[in-house]
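Remarks on the structure that follows.
The values are calculated or read from the model by the stated rules, or taken from the named source; none is laboratory data. If you're wondering where the values come from, they're calculated on a predicted model, not measured in any experiment. Neighbour counts run over all protein chains shown; Cβ positions are idealised from the backbone, glycine included.
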Amino acid sequence: MISCKNLTKIYNIGKNETLALDDVSFEITKGEFVAIMGPSGSGKSTLMHIIGALDIPTKGSYLLEGKDVSQMTQRELAKLRCEKIGFVFQSFNLLKRTSVMRNVMLPLIYSKVPPKYREDMAKKVLNSVHIKAEKWENLSNELSGGQMQRVAIARALINNPSLILADEPTGNLDSKTGDVVLHMFRELNEKQGHTIILITHEKEIAKQAKRVITIKDGKLLDDTKI
């Protein structure tokens, strides 16, 4: 499903060059649950941006479902993100003064999907992440942190993406709530077959996945199945 070959990313700041990724190669098959782990400055965030079609490599190739993402235009990258990738962020990235239902429907609004279909899909994914109907018209900032992250997961699922990309999804949650969210990712992977990539700097969080790719100083240091 994912093929990264010799990924290299160089950032030019003035006359200085920073090598953020250095010849990184790996593959991920459909239905895997993979953690990409590394300390701050390791290159994992750069790798996440490339996998999420938010950036392109300086050298090397990235294929998603056989399509070469590294050669796409900005318009093609935007279309790919909308249709193929569901994002879950540490800071939730929900619209604060907007209802839970509308937050979840947002990707479909941009896709110009008919209102009735948007509502039906939103209800389906909200039920799948155990957000009760009585909360659907609440503003997102009226929810707890755990509830907000579950709403964010529902929003990521609404387009039925090929890939769910979770960037430090428990970073703003207490340990008990974080465990609930991680359990939800395991259920999405094991029971619904979603391909999930989890970005983290914590070993204990990475162990929740079934495979851990470790990045350090821009290089792939280790790739281990659990």
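Do you know which of the residues in region 73-99 that are touching a residue at least 12 places away in the same chain (Cβ under 8 Å) and of a type in the set (S, T, N, Q) is nearest to Asn160 (Cα to Cα)?
Filtering first and then ranking leaves Asn93.
Residue check: is Ala209 of a type in the set (Gly, Ala, Ser), at pLDDT 95 or above and part of a loop (DSSP other than H, G, I, E, B)?
Details: of a type in the set (Gly, Ala, Ser): yes; at pLDDT 95 or above: yes; part of a loop (DSSP other than H, G, I, E, B): yes.
Answer is yes for this residue.
Restricting attention to region 59-72, and to residues there that are without any contact (Cβ under 8 Å) to a residue 40 or more places away in the chain and aliphatic (A, V, I, L, M), which single residue is farthest from Ala20 (Cα to Cα)?
Taking the candidates together, the pick is Met72.
Which of the following residues is of a type outside the set (Val, Ile, Thr) and either touching a strand residue (DSSP E or B) at 6+ places or on another chain (Cβ under 7 Å) or closer than 30 Å to Thr46 by Cβ (or both): Leu139, Leu126, Leu143? Before the answer, list the steps.
On the way: Leu126 fails: either touching a strand residue (DSSP E or B) at 6+ places or on another chain (Cβ under 7 Å) or closer than 30 Å to Thr46 by Cβ (or both); Leu143 fails: either touching a strand residue (DSSP E or B) at 6+ places or on another chain (Cβ under 7 Å) or closer than 30 Å to Thr46 by Cβ (or both).
That would be Leu139, the only listed residue that is of a type outside the set (Val, Ile, Thr) and either touching a strand residue (DSSP E or B) at 6+ places or on another chain (Cβ under 7 Å) or closer than 30 Å to Thr46 by Cβ (or both).
Please specify each residue of region 136-176 satisfying the condition of being more than 27 Å from Leu54 (Cα to Cα) and crowded, with 17+ Cβ neighbours inside 10 Å.
Matches in region 136-176: Trp136, Leu143.
How many residues are without any contact (Cβ under 8 Å) to a residue 12 or more places away in the chain, among the β-branched types (Val, Ile, Thr) and under 23 Å from Phe185 (Cβ atoms) if we restrict to region 1-58?
0
Select from region 30-44 the residues that are within 15 Å of Leu220 (Cβ to Cβ) and either of a type in the set (Val, Ile, Thr) or out of contact with any helix residue (DSSP H, G or I) (no Cβ under 6 Å at 6 or more places or on another chain) (or both) and list them in ascending order.
Val34, Ile36, Pro39, Ser42, Gly43, Lys44 - these are the residues of region 30-44 that are within 15 Å of Leu220 (Cβ to Cβ) and either of a type in the set (Val, Ile, Thr) or out of contact with any helix residue (DSSP H, G or I) (no Cβ under 6 Å at 6 or more places or on another chain) (or both).
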